[in-house]
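What follows is a set of notes on a single structure, which appears directly below.
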Amino acid sequence: MKPPKRALQFLRWFCREDYLEEIEGDLIEVFEKQSLLSPRRARWGFIWSVCKYLRPQFIRAFKINVHQNARAMFRHNFTITYRSFLKYKSSFFINLIGLSSGLACTILIYLWVSDELKVNNLHAAGDRLVEVMERQLDNGQITVQSGTPGILAETMAQELPEVASATTVSWTDKYVLSVDDRNMQGTGVYAGRDYFKIFSFPLLQGDPGKVLIDKKSIVLSDEMAVRLFGTTENVLGKTVTWQHEKLFNVSGVFKKMPAQSTQQYDFLLTTDEMKEAHPWTLQWTNNAPSTFVVLREGASLEAFSAKIVNFVEDHGGEKGTTVFATPYSRLYLHGRFVNGVEAGGRIEYVRMFSIIAFFILLIACINFMNLSTARASRRIKEIGTKKAMGASRRALIIQYLGESMLMALLSMGCAFLLVILLLPQFNLITGKTLTVPTDYPTLLSLAGLAIFAGWIAGSYPALYLSGFNPVAILKGQLHGSWSELWVRRGLVVFQFVCSVVLIVSVWVVYEQMQYTQTKNLGYNKDHLLYFEGQGKVTQNLETVIATVRNFPGVTNASSIGHSLMEFGAGSSTSSMQWEGKDPDLVVEMENVRVNYGMIEMLEVQLVAGRYYAQQFGAEDSNIIFNEAAIAAMGMEDPIGKTVTLWGKPRTIVGVVKDFHFRSFHEKVKPLFFNLAPDGTWMVMMKVEPGKEADVIARLEKFHKDYNPGFLLSYRFLDQDYQAQYVAEQRVATLSKYFAGLAILISSLGLLGLAAFTAERRLKEIGIRKIHGATNVGVVFLLMKDFTRMVLVAIVISFPISYVISRQWLDGFAYKINLQWWFFATAGLSALFVAWFTVALQTWRAARVNPAKTLRSE
Amino acid sequence: MKTPSLGEFEELVLLMVGALHDEAYGVAVLENLESHLKKKLNISAVHVALKRMEDKGLVRSRFGGITEDRGGRRKKYYVMTALGKRALDQQYALRNSIYNLIPDISFSK
């Protein structure tokens, strides 16, 4: 029979040592005697007795005096740190500037990344909310598109038990809404009944399940409601006129969609209305609206995706069309598909910037490491004395780690101020609305980041400095060891590798951007002003075009079905038939509806045949292709041959040169121009350079008088063109700053090291000068070492930057070739920056009068 | 020299230490007190009293030899010091002197 173990352990933990044996012995004796009578009572008695010893008389001293010592040491370390900051101001500032700009950059990137990760991630259904998309075989390539038949959502909800709810969301367009005399333009969309149940956009008024049921319902955003009615209160049931044509009743008001949603609408109409206005959406062969599905709890996405593969085809859709589902929240970051398979997307930029942030922070930390180990010789006596007085290695490590953490926390403070200053500019570049974080979790993680940075930066010097032999130090025998020198050199090399890689990458991005801006697109996008015809304009299109053409400053005018950049938004067809066509071959062709004179105005070059012209009459049975389309059809000598489009024969009258109507990410696709003036709503005009303002003023006045109630929204074609490369432009701008920062921090570190080396070699320089060395000779001597390091860095960085640039360029179908001089220039610029920094310091050291430096010994 | 004061329980323990002369250790004192007082005591109370009296110099202690009993822990034996004896004597003298002042009459029930 043994006494309770826990109680005994507890007793041993708290009881005074000199009493313990006696008390334990007596307790056990009593326990043994009692346990003969009743073991249970004996155990409880034992525990109870142990508890009764919990009184000051018996409790041992818990080392309170040790705490007092730690506090004293803390204050001591703090003082020493403060004094060393004061004494070595230059390295203090180099560290402060380096670390705080590194941290600021990391915080900005962190804010951007965390915002990117939140996009479209705000819906209650989470991963169960999926988008159903189509894969189509197009000329041997599988393309993925979000356009689906307009009745897909409803059919899925009825036929598939896994589907909890589903909704259609149509294409967006700008429409005019009017209340009394007030006309407002807004982005509208048709959406299914369960839209507000599926997407968690809060409704200020109305019931999520009911607002989109009645066919003539309209749901307004709070902004739109205020613009139309001046209030969001009591607007339910009021009437709104759409396009001066149809009346709708307000059934709900939703809060403006948050910036972290890619869906941004001013109002929503019902899908019942869509079916009436656009009956073609009811057919299984037509694809335009997006389809969103919420799966039932527990339903597997893979199983669902596998089950629906042939859903569209089975219901009479186009042959070879398969469907699959992807989580909606994932699509924003993983939205790119290559040959039907997910292949990254924005996530690549998220990863890229995270890596850049990490490396910039690392470069800043390396500065700190290098400077503190280099400076160690100055503080070596302090360490020796401390060790001789009995300081343990641990205490020294704590001191130096504490120093670097203090430095990091100080830098974090500065970095935070920098972030507050830079955030508006950063938002401008990234097109986001980020705010300075004030919530505790973020602030805590930032403090954590500072401590982490301090730990990285301080760990090497702390371990290195604390390891010295005190006897050697105090005898003055300690000089920098070889390994120490190598580590320092290695770190400098590493910093410059990062910098050169960044410079090369920025260069490549910049050149590619230049290429997209200056390459001959095959058409002239400049000075083309266009607006979308609405109301009366579409009814009297020819009159409007004739009027506009006569404006002073307008050289030409015509009309087209889509803005050139919006091709592919549901305007392609695969129903082209030609002689000798393989029945299984599917060739998707862009269908561009044009009016007379449009192709000429775009300055698209003819390869063979002619443009459309009125003098030839009956042009609607003719057709003009681009070279890619001819190649896809495998035709030779195409002029005069006949193809069949939508069941009607058409004669090929012209072939135009391929032109880049899409972004350079994609190859030029097959395309045909279809003369169909009735289907061209975009009135486009060529404006003389410098007359833009006049023409716009005149156009606005004309539109207001001619088409009252509709708002003119005009754009220039080259604006649309720029918009295609927004993401790349952002990357280009941001990486420019980051590369600048990296090289700045690296050269700051070099500056510190150069200053240190020059100081260490003052006597050597003095002796050399006495023996006749010139100032320039001394500068070269000091620079030799640094030059070697930077050269090694440049050599290492070339293959790395080559691989990275190649990968980025692979995202473009049309791209620049990597030139050797991208690398050469980047390397040379790094070298020059390094030389300049080092020369600045060494020149000063070289000019010192040798008598001064050699006087003391 | 002023003798330290004695609490009631301390006095009992001190008496028992004296009575058990050279054989007085925690459990022995406890058991003997229990049998005399005819009530249960906790060993911790005895220890409290012993340690306090040791601090006051009324008892002295020494460790006994190592035995197999008690999980191998040594006993700690207490003996009364001269100061302890004097404290007891004074306590008795004081009590007796006052006791003797009680008149020899019959007290009401």
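Here, each number is a calculation from the coordinates, and none is a lab measurement. Computed from a prediction, not measured in an experiment: that's the story for all the values here. Ideal geometry is used to build each Cβ from the backbone, glycine not excepted, and the neighbour counts take in all protein chains shown.
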Once Rh for the range A:732-798 is found with the Kirkwood sum over Cα pairs, what is the Stokes-Einstein diffusion coefficient at 4 °C and 1.567 mPa s, in µm²/s?
92 µm²/s
Take the alpha carbon atoms of the range A:696-782, find their radius of gyration, then divide it by 2.2 N^0.38 Å using N residues; give the quotient.
2.59
What does the charge count near A:T430 come to, summing +1 for each Lys or Arg and -1 for each Asp or Glu among other residues with Cβ under 10 Å from its Cβ?
0
Formal net charge of residues neighbouring A:S466 (Cβ-Cβ distance under 11 Å; K, R +1; D, E -1)
+4
Once you order the gyration tensor axes a ≥ b ≥ c over the Cα atoms, which shape class does the range A:385-510 get: rounded for a/c under 1.5, otherwise prolate or oblate by comparing a/b with b/c?
oblate
Let me confirm one metric for peptide A:16-26, namely the mean number of other chain beta-carbon atoms within 10 Å of its residues' beta-carbons.
6
For A:Q260 paired with A:T239, estimate the spin-label separation in nm (one decimal), with each label point 7 Å from Cα along the Cα-to-Cβ line.
4.2 nm
Taking only Cα atoms, what is the 0 to 90° angle, nearest 10, from helix A:39-52's long axis to the longest principal axis of chain A?
80 degrees
Excluding same-chain residues fewer than 8 positions from A:K763, which lysines have a Cα within less than 19 Å of its Cα?
A:K784, A:K852
Checking a compactness column here: for the range B:36-109, what do you get for Rg(Cα) / (2.2 N^0.38 Å), N being the number of residues?
1.65
Quick one: divide the alpha-carbon radius of gyration of the range A:528-722 by 2.2 N^0.38 Å and tell me what you get.
1.08
Just order A:185-196, A:594-605, A:754-765, B:30-41 by mean Cβ neighbour count inside 10 Å, highest at the front, would you?
A:185-196, A:594-605, A:754-765, B:30-41
For B:N42 and A:S459, what is the calculated FRET efficiency with R₀ set at 51 Å and r taken between the beta-carbons, to the nearest 0.05?
0.40
Would you pull out the residues with amide H under 5 Å of A:A166's amide H, same chain only if 5 or more places away, H placed 1.01 Å from N?
A:V294
Summing +1 per Lys or Arg and -1 per Asp or Glu among the other residues with Cβ less than 15 Å from A:R788's Cβ gives +2
Cα-based Kirkwood hydrodynamic radius, the range A:624-720, one decimal, Å
17.0 Å
Hey, what do the phi angles of the range B:77-92 turn into as Karplus ³J(HN,Hα) couplings, whole Hz, using 6.51/-1.76/1.60 and θ = phi - 60°, x for Gly and Pro?
9, 10, 10, 6, 8, 4, 4, x, 4, 5, 4, 4, 4, 4, 4, 5
For the range A:173-179, 3J(HN,Hα) per residue [Karplus equation, 6.51 cos²θ - 1.76 cosθ + 1.60, θ = phi - 60°, Hz, x = Gly/Pro]
8, 9, 10, 9, 10, 10, 10
Per-residue mean of other chain beta-carbon atoms within 10 angstrom of the beta-carbon, peptide B:37-49?
4
Footprinting exposure proxy for A:I816, B:I43 (fewest neighbouring C-beta atoms within 10 Å first):
A:I816, B:I43
To the nearest 500 deg cm²/dmol, what mean residue ellipticity at 222 nm is calculated for chain A from DSSP H runs of n ≥ 4 alone, each contributing -39,500 (n - 2.57), summed and divided by the residues?
-17500 deg cm²/dmol
Please tell me which of these pairs span more than 21 angstrom C-alpha to C-alpha: A:K197/A:K256; A:K275/A:K669; A:K174/A:K519; A:K174/A:K246; A:K33/B:K39?
A:K275/A:K669; A:K174/A:K519
So how tilted is helix A:820-847 from the main axis of chain A? Cα-based, degrees 0 to 90, rounded to 10.
30 degrees
So who's got an amide H within less than 5 Å of the one on A:L204, skipping anything under 5 residues away but keeping other chains? H placed 1.01 Å off N, in plane.
A:V253, A:F254, A:K255
For the range A:792-801, take each phi angle, set θ = phi - 60°, evaluate the Karplus expression 6.51 cos²θ - 1.76 cosθ + 1.60, and give the result in whole Hz per residue in order, putting x for glycine and proline.
4, 4, 5, 4, 5, 6, 4, x, 4, 5
With the crude spin-label approximation of a point 7 Å out along Cα→Cβ, what separation in nm comes out for A:C414 versus A:A395?
3.1 nm
Per the Kirkwood definition applied to all pairs of different Cα atoms, how many angstroms is the hydrodynamic radius of the range A:5-52?
10.8 Å
Length gain on complete extension for the stretch A:I767 to A:K581, per 0.36 nm per residue less the alpha carbon to alpha carbon distance?
58.1 nm
Cα-Cα pairs in chain A separated by more than 48 Å, as a whole percent of all pairs, come to 45 percent
Taking the alpha-carbon distance from A:K769 and a cut-off under 16 Å, which aspartates and glutamates remain once sequence neighbours fewer than 8 residues away in the same chain are dropped?
A:E759
Among the aspartates and glutamates, select those whose C-alpha is under 19 Å from the C-alpha of A:K432, and discard any that sit fewer than 8 residues away in the same chain.
A:D115, A:E116, A:E348, A:E728
Taking every residue of A:48-58, the Cβ atoms of other protein chains inside 10 Å of its Cβ average out to 3
Electrostatic dipole magnitude of the protein assembly as shown [Cβ: Lys, Arg +1; Asp, Glu -1; Cα centre; debye, to 20]
7100 debye
Need the full-extension length gain, A:W820 to A:F10, defined as separation in residues times 0.36 nm minus the C-alpha distance. One decimal, nm.
284.2 nm
So, for the Cα atoms of the range A:758-848, Rg and Dmax in Å stand at 19.1, 65
Could you run the Debye sum over the Cα atoms of the range A:126-332, one equal point scatterer each and no solvent, and tell me log10 of I(q)/I(0) at q = 0.08, 0.16, 0.17 Å⁻¹, two decimals?
-0.28, -1.03, -1.13
